[in-house]
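J.: For reference, the structure I am asking about is given below.
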Amino acid sequence: MQKTDHKSIHGSGKRQRVRTNMVNVFIMGKRHVVPEHATIMRAIEHAGHQIIRGAGCREGFCGACGTLYRLPGDYKLHTGLACTTLVQEGMVLAQIPYVPMQKAVYDLEKLTPDAGTIEKVYPVTFRCVACGTCSKACPQGLPVMDYIQAAMRGDIATVADIAFDCVACGLCALRCPAEIIQHEVGILCKRLTGRYLRKESRELDERLGEIRSRKFDAEYDELMAMDKKVLTKLYYDRDIEP
Ligand code: FES
């Protein structure tokens, strides 16, 4: 049997009966009682919604589920990935319309790894006033502002290094008052670093050769035809590099 307790509900000052292992969250303005250890994504589903957009890997890698929320009595607009952020009592969730960004189209072969390229491809980067809003918004905890500053200096390798774990959820861009598209600048610098600044990889060339010679086609076909349960087990049982 669930224990019950009285908890204060968001903003209203009312006290309502809520099971102690459950919390109140507000989705589109409506209160729902959800398990306290649920992620935001699970809570939304527990409330009866089916998530068919804004979700991908459900494990914090793909960046599809960037979310904004507020907490009771806290003016701050919080950011997080819905698949990994746990609910909190009184959390108010909102749907974000979209992440504003104008993704540039460029030919990597015609670019050089320097500040001139940043200026040409993403000139808005130079509007950075170093307010740090992007870093505060990053659900990965990356010092986003630092890599934008490095991009302005033309230190492309440092950008690639700092932005390595970026999942491109776009929450930095969403919050940036200067309308910079930080994650796209990061992707550009990672491409430039791979193309011009890292030494050539013999292993990569070998692997690409194997793919071109269709070495893995049979195995790929086998995976595509596999039952989902078997495929899931295979995925979680795989060897993971330390
Ligand atoms: S669904 Fe992929 S990061 Fe959340």
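The values are calculated or read from the model by the stated rules, or taken from the named source; none is laboratory data. All values reported here derive from a predicted model rather than from experimental measurement. Here Cβ is always computed from backbone atoms with ideal geometry, including for glycine, and neighbour counts include all displayed protein chains.
J.: Exactly one condition in (1) away from the ligand (no atom under 16 Å from the Cβ); (2) part of a helix (DSSP H, G or I); (3) within 20 Å of the chain's Cα centre (by Cα) is false for ALA43; which is it?
T.: Tallying (1) away from the ligand (no atom under 16 Å from the Cβ); (2) part of a helix (DSSP H, G or I); (3) within 20 Å of the chain's Cα centre (by Cα), ALA43 fails exactly one: (1).
J.: Quick one: which of ARG127, ARG214 is in contact (Cβ under 8 Å) with a residue 12 or more places away in the chain and of a type in the set (D, E, K, R)?
T.: Matching residue, one of ARG127, ARG214: ARG127.
J.: To continue, here is another question. Considering only residues of region 80-115 that are assigned to a loop (DSSP other than H, G, I, E, B) and free of Cβ contacts under 8 Å to residues at least 12 places away in the same chain, which is surrounded by the most Cβ atoms within 10 Å (Cβ to Cβ)?
T.: TYR98
J.: For region 56-79, how many residues meet the condition of being of a type in the set (A, V, I, L, M, F, W, C), buried (at least 16 other Cβ atoms within 10 Å of the Cβ) and part of a loop (DSSP other than H, G, I, E, B)?
T.: 2
J.: Out of region 50-85, which residues are within 10 Å of the ligand (Cβ to nearest atom) and either more than 21 Å from TYR236 (Cβ to Cβ) or touching a helix residue (DSSP H, G or I) at 6+ places or on another chain (Cβ under 6 Å) (or both)?
T.: Answer for region 50-85, where residues must be within 10 Å of the ligand (Cβ to nearest atom) and either more than 21 Å from TYR236 (Cβ to Cβ) or touching a helix residue (DSSP H, G or I) at 6+ places or on another chain (Cβ under 6 Å) (or both): ILE51, GLY54, GLY63, GLY66, THR67, GLY80, ALA82, CYS83, THR85.
J.: While we're here: Of the residues ILE211, ILE148, which single one is aliphatic (A, V, I, L, M), assigned to a helix (DSSP H, G or I), outside the structural domain of PHE61 (by TED's automatic domain parsing) and under 24 Å from LEU77 (Cα atoms)?
T.: Every option except ILE148 fails the conditions.
J.: Here's something else I'd like to know. Determine whether VAL121 is within 16 Å of the ligand (Cβ to nearest atom) and not assigned by TED's automatic domain parsing to the domain that holds ILE27.
T.: Against the criterion (within 16 Å of the ligand (Cβ to nearest atom) and not assigned by TED's automatic domain parsing to the domain that holds ILE27), VAL121 does not qualify.
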